[in-house]
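Structure record follows, encoded as structure tokens.
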């Protein structure tokens with residue numbers, strides 16, 4: 001009940017804040033252009049994330065003068081690992097507040113952060129079991145713990161922070177398709193590593209089947 005009351009209070013605060021921002025930005029009832037709508041959404045979601053948290057989703061209806069629907073994760077709780085934020089998409093997945101902050105910082109995602117996290121995490125789930133305690137997506141790596149049938153995502157490490165050895169570990173031959181396109185090269189001699197079964201083909205040597 002306490003969490004529900006807090007969310008109800010928080011929801012009312014966000015709605016009032018949004019209505020005031022809407023009145024300041026759009027002082028007439030004239031039709032609002034798509035460009036102005038997009039600019040307003042970017043600005044107000046940054047402000048809401050900074051003031052009320054990055055786990056808040058705000059849907060704005062411009063036809064109703066700033067009316068909005070506010071959605072927050074169904075469950076948050078305090079644990080020894082800090083505050084846990086429940087995923088929107090996965091009922092058994094929780095992000096630590098540390099993970100949300102690091103993901104926001106490292107991907108420069110400052111609004112509706114949990115939704116963006118879920119989008120990245122959906123791709124990473126297919127790599128479960130490849131590396132114990134880690135899940136890999138094309139943009140980086142999630143570190144997690146499995147505790148009482150719940151997957152606790154501890155942090156996010158983007159590609160720029162990974163060493164060469166870590167890239168080989170997380171994006172080895174079995175995971176090569178997960179690498180972003182910018183890591184590929186048309187010239188084999190410009191590659192840092194290539195798949196073993198392609199090595200002879202690119203160098204013009206016969207493969208094992210032709211011997």
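Residue 91 meets all of the listed conditions (1) outside any loop (DSSP other than H, G, I, E, B); (2) exposed (fewer than 14 other Cβ atoms within 10 Å of the Cβ) but one, namely (1). Just so you know, in region 144-153 the residues that are at negative phi and surrounded by fewer than 17 Cβ atoms within 10 Å (Cβ to Cβ) include one that is modelled with the highest pLDDT, and it is 145.
Residue check: residue 45 meets all listed conditions (1) touching a helix residue (DSSP H, G or I) at 6+ places or on another chain (Cβ under 7 Å); (2) at pLDDT below 85; (3) crowded, with 16+ Cβ neighbours inside 10 Å but one, namely (1). Of all residue pairs spaced 6 or more apart or on separate chains, those with beta-carbon atoms under 7 Å, a first member in region 89-106 that is in the same structural domain as residue 122 (by TED's automatic domain parsing) and a second member that is surrounded by fewer than 14 Cβ atoms within 10 Å (Cβ to Cβ) and assigned to a loop (DSSP other than H, G, I, E, B) are 92/149. Applying the selection to region 68-83, what residues are in contact with a helix residue (DSSP H, G or I) (Cβ under 8 Å, 6 or more places away or on another chain) and either modelled with pLDDT of 75 or more or exposed (fewer than 15 other Cβ atoms within 10 Å of the Cβ) (or both)? Within region 68-83, 75, 76, 82, 83 qualify. If you go through region 11-42 and keep only what is without any contact (Cβ under 8 Å) to a residue 40 or more places away in the chain, farther than 28 Å from residue 75 by Cβ, out of contact with any helix residue (DSSP H, G or I) (no Cβ under 7 Å at 6 or more places or on another chain) and in a helix (DSSP H, G or I), you end up with 20, 24, 34, 35, 36, 38, 39.
For residue 136, the criteria (1) buried (at least 16 other Cβ atoms within 10 Å of the Cβ); (2) free of Cβ contacts under 8 Å to residues at least 24 places away in the same chain hold in every case but one, which is (2).
The values are calculated or read from the model by the stated rules, or taken from the named source; none is laboratory data. As the structure is a computational prediction, the values presented were derived from the model and not from experiment. When we count neighbours, we look across all protein chains shown, and the Cβ atoms used for this are built from the backbone with ideal geometry, even at glycine.
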